[in-house]
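Have a look at the structure below, then the notes.
The values are calculated or read from the model by the stated rules, or taken from the named source; none is laboratory data. In this text the structure is predicted, and so the values were computed from the model without any measurement. Cβ atoms come from the backbone with ideal geometry, glycine included; neighbour counts cover every protein chain shown.
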């Protein structure tokens, strides 16, 4: 696991995953990145404690299979509309993990889902929320972070700021 991509933070209030899919991970989202499985927390996970996960969409290559959506706390109407329930359920049943096909709270937009996730974190000041946004759990070379994580980025030898181009 030493060379595996990871999120180099101790704690994340809200992890925003833009897309999940079978082409990203057999589980939709890589449990070694998010620390969750269909059955709950991943045993022995040494990554960040993630309070809430928001998922925005499915990859086109997944053909509507939304396996892994059950590990999220919030999602969007876009993802719900992309979901082929029968393909997802067949995958979950064959894998013996029906929990991985359960839909979380579905909200109209990604922004709505992120706001709802923040409301459930119990924070007095949202400007202090540790928010990380990733494309998916396979591509972690570029991530977006909230200002609350700036110190963690500065302090970590594997993280560097990248200017927008």
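Here is how the numbers come out for the structure above:
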{"item": "Test result for residue 39, modelled with pLDDT of 90 or more and within 22 Å of residue 103 (Cβ to Cβ)", "result": "no"}
{"item": "Residue in the range 94-102 that is assigned to a loop (DSSP other than H, G, I, E, B) and touching a residue at least 40 places away in the same chain (Cβ under 8 Å) present", "result": "yes"}
{"item": "Residue match in the range 119-127 (condition: free of Cβ contacts under 8 Å to residues at least 60 places away in the same chain, surrounded by fewer than 17 Cβ atoms within 10 Å (Cβ to Cβ) and touching a helix residue (DSSP H, G or I) at 6+ places or on another chain (Cβ under 6 Å))", "result": "yes"}
{"item": "Pairs with Cβ under 6 Å, 6+ apart, first in the range 148-165 and over 25 Å from residue 118 (Cβ atoms), second at pLDDT 90 or above and in a loop (DSSP other than H, G, I, E, B)", "result": "158/8"}
{"item": "Count of the range 54-73 residues which are part of a helix (DSSP H, G or I) and over 12 Å from the mean Cα position of the chain (by Cα)", "result": "3"}
{"item": "Hey, residue 111 under 16 Å from the mean Cα position of the chain (by Cα) and in a loop (DSSP other than H, G, I, E, B) or not", "result": "no"}
{"item": "Candidates 58, 103, filtered to the one that is under 16 Å from residue 20 (Cα atoms), surrounded by fewer than 21 Cβ atoms within 10 Å (Cβ to Cβ), at pLDDT 95 or above and in contact with a helix residue (DSSP H, G or I) (Cβ under 8 Å, 6 or more places away or on another chain)", "result": "103"}
{"item": "Residue in the range 138-147 that is without any contact (Cβ under 8 Å) to a residue 24 or more places away in the chain, part of a loop (DSSP other than H, G, I, E, B) and in contact with a helix residue (DSSP H, G or I) (Cβ under 9 Å, 6 or more places away or on another chain) present", "result": "yes"}
{"item": "Selection count, the range 34-53, where residues are closer than 20 Å to residue 95 by Cα and either free of Cβ contacts under 8 Å to residues at least 24 places away in the same chain or not in a loop (DSSP other than H, G, I, E, B) (or both)", "result": "8"}
